Amino acid sequence: MKQDNSQKLFEIAKTLMPGGVNSPVRAFKSVGGTPVFMKQGKGAYITDEDDNQYIDYCCSWGPLILGHANEKVQEKIIETVKNGTSFGAPTALENQLAELIISNHSYIEKIRFVSSGTEAVMSALRLARGVTGKSKIIKFEGCYHGHVDSLLVKAGSGLVTFGESTSAGVPESFANETIVLPLNDEDAVATTLEKLSHEIAAIIIEPIPANNGLLLQSHKFLLHLRELCTKYNVLLIFDEVISGFRVGFEGAAGLYKIQPDIITFGKIIGGGMPVGAYGASHEIMSNISPLGNVYQAGTLSGNPVAMAAGAAQLNECLQKDFYHDLQHKTDYLVDGIKKHIKEKNYEITIYNIGSIFWFAFSDMTHLTRADQINAGKMTLFAKVYHYLLDNGIYFGPSGYEVGFVSQAHTFEDLDKTIKTMCDAFDLVMV
Ligand SMILES: *Cc1c(COP(=O)(O)O)cnc(C)c1O
């Protein structure tokens with residue numbers, strides 16, 4: 001595969017930006033080689049600076065549920081941008097997107113738009129702390145919630161542990177506000193709340209953890225979280241930045257029929273533009289400034305162009321059978337690959353929910369915790385990755401990242417992907 005232009009661009013980028021990128025995983029560190037510089041996307045396809053074409057399963061890490069350059073989204077963006085890009089004053093477009101979401105989501109009565117998933121999570125935590133008057137947060141090992149200081153932590157040693165920072169620059173005192181527990185472990189949560197609920201403001205979880213492999217939780221565990229939070233006056237935050245509008249319009253909350261106290265959104269909500277949001281009941285949201293005393297603001301929050309893109313995309317998601325068709329396509333892809341894995345008896349398992357899928361070099365059919373992932377096998381992933389790249393299939397460049405199927409993927413694309421992935425597995429599993 002010719003990569004001359006990507007290589008040249010990367011050399012220049014490295015002189016200008018740390019590691020040549022504006023978000024670390026893009027640098028290809030975990031798979032090796034040069035990041036591919038993209039110049040164009042249309043539907044399920046992306047084209048790089050050397051004119052190689054790929055079927056894309058990264059989809060900008062999830063936002064592009066309609067595929068690239070969807071015409072309806074594009075038209076709305078162009079129409080809106082002609083009237084100016086930002087006012088710092090309210091616009092009708094904010095009402096439009098808010099109304100679209102609130103009228104179609106059982107668990108959101110009020111919403112506040114921000115500009116990224118990280119910002120949504122950061123604001124949701126502040127809100128939870130403001131409402132409860134408590135300061136500690138429980139998070140789970142293997143969930144990612146953006147680069148918020150107090151959430152860049154992993155479990156320390158011991159049973160009930162305060163977090164240890166995973167990034168330089170996070171003060172120990174911030175990390176100490178976070179308690180990290182293993183996923184899918186009811187007892188760990190119950191024990192911790194029993195001891196410390198008077199200090200704990202919220203439990204935050206990706207109800208469908210999809211940032212460190214796809215670690216599907218039991219419905220029972222999620223229900224248990226809801227019960228415990230209610231019992232101990234702790235707020236339950238569902239971080240649905242990935243799962244929101246992805247596994248259904250109402251995300252994981254709708255899928256599992258569990259009402260969290262606060263939900264955070266990002267990715268799909270912006271139709272490929274930078275949008276995040278957090279929503280909750282009228283009562284909880286009334287604590288936000290200017291109504292209440294929890295401060296949160298943003299110069300470009302509710303940006304009209306981004307609102308228009310988000311509304312155009314979510315409108316499509318609301319069409320009849322949208323999620324049904326997406327699920328059907330994803331099942332088709334996953335079943336095609338599974339069949340081959342079974343025939344060859346490979347120790348590979350594919351996990352999927354809605355239009356999210358992930359494969360691991362493991363024969364465990366139920367992976368629910370981060371420590372069950374075999375890190376040693378990621379060298380196999382790197383080989384598979386480069387085979388796929390060379391043969392026109394693009395995934396996020398890390399074995400811990402999930403793949404996304406979009407509305408734009410055709411069965412022909414899926415057939416080609418099945419064949420290429422099976423060939424890749426044959427190559428590395430000998
Ligand atoms: C992507 C993601 C975030 C961070 O969103 P950004 O827009 O990258 O800041 C937070 N939480 C979850 C679950 C995510 O997947």
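Can you pull a Stokes-Einstein diffusion coefficient for the range 317-366 at 20 °C (1.002 mPa s), Rh from Kirkwood over Cα pairs, as a whole number of µm²/s?
Here the translational diffusion coefficient equals 182 µm²/s.
Can you bin every Cα-Cα distance in the range 1-93 into 10 Å intervals starting at zero and give me the percent of pairs per bin, rounded to whole numbers?
14, 34, 30, 18, 3
Let me check the size of the range 71-317 from its C-alpha atoms; what are the radius of gyration and Dmax in Å?
17.8, 57
Could you tell me the calculated FRET efficiency between L223 and S281, based on Cβ-Cβ distance and R0 = 25 angstrom, to the nearest 0.05?
Result of the calculation: an efficiency of 0.80.
Let me understand the range 296-394 better: what is its radius of gyration from the alpha carbons, and its Dmax, in angstrom?
Spelled out, the Cα radius of gyration and Dmax of the range 296-394 are 18.8, 56 Å.
Specify the inter-centroid distance of the range 1-47 and the range 55-81, based on alpha-carbon positions, in whole Å.
Cα centres, the range 1-47 to the range 55-81: 20 Å.
Which FRET efficiency, nearest 0.05, do Y332 and N293 yield, Cβ-Cβ r, R0 56 Å?
Efficiency for this residue pair is about 0.65.
For K72, go through the lysines and keep the ones whose alpha-carbon is under 26 Å away, minus same-chain ones fewer than eight residues off.
K39, K42, K82, K267, K320, K329
Please enumerate, by chain and number, the aspartates and glutamates with C-alpha under 20 Å from the C-alpha of K339, excluding those fewer than 8 residues away in the same chain.
Partners within reach: D331, E347, D363, E412, D413, D415, D423, D426.
Using amide H atoms built in the peptide plane, which far-off residues or other-chain residues are under 5 Å from R246 H to H?
G251
Under a plain spin-label model, where a point goes 7 Å from the Cα along Cα-to-Cβ, how far apart in nm are M364 and S103?
Result for the modelled spin labels: 4.5 nm.
Taking only C-alpha pairs under 8 Å that are 6+ residues apart, what is the relative contact order of the chain in percent?
Relative contact order here is 22 percent.
Where the centroid of each part is defined by its Cα atoms, how far is the range 85-116 from the range 324-376 in Å?
What the calculation gives is 36 Å, centre to centre.
Treating only the Cα positions of the chain as identical point scatterers, give the base-10 log of I(q)/I(0) from the Debye formula at each q in 0.09, 0.11, 0.14 Å⁻¹.
-0.57, -0.87, -1.41
Listing C59, C317 from the residue with the fewest other Cβ atoms within 10 Å to the one with the most, what is the order?
C317, C59
Using each residue's phi in the range 86-91, evaluate 6.51 cos²θ - 1.76 cosθ + 1.60 at θ = phi - 60° and report the 3J(HN,Hα) Karplus result to the nearest Hz, with x for Gly and Pro.
6, 10, x, 9, x, 10
Per the helix-only calculation at 222 nm, which mean residue ellipticity applies to the chain, given -39500 (n - 2.57) for every DSSP H run of n ≥ 4 and division by its residues, nearest 500 deg cm²/dmol?
-11500 deg cm²/dmol
Determine, for L380, L367, the number of other Cβ atoms within 10 Å of each Cβ, and report the residues in order from fewest to most.
With the fewest neighbours first, L380, L367 line up as L380, L367.
May I ask you to sort H328, H198, H224 by Cβ crowding, counting other Cβ atoms within 10 Å and putting the fewest first?
Going from sparsest to densest Cβ surroundings: H198, H328, H224.
Where a number appears in this text, it was derived from the coordinates with a stated rule and is not lab data. Remember, predicted model here, so these are calculated numbers, not experimental data. FYI the Cβ positions are ideal-geometry reconstructions off the backbone, even for glycines, and counts take in every protein chain you see.
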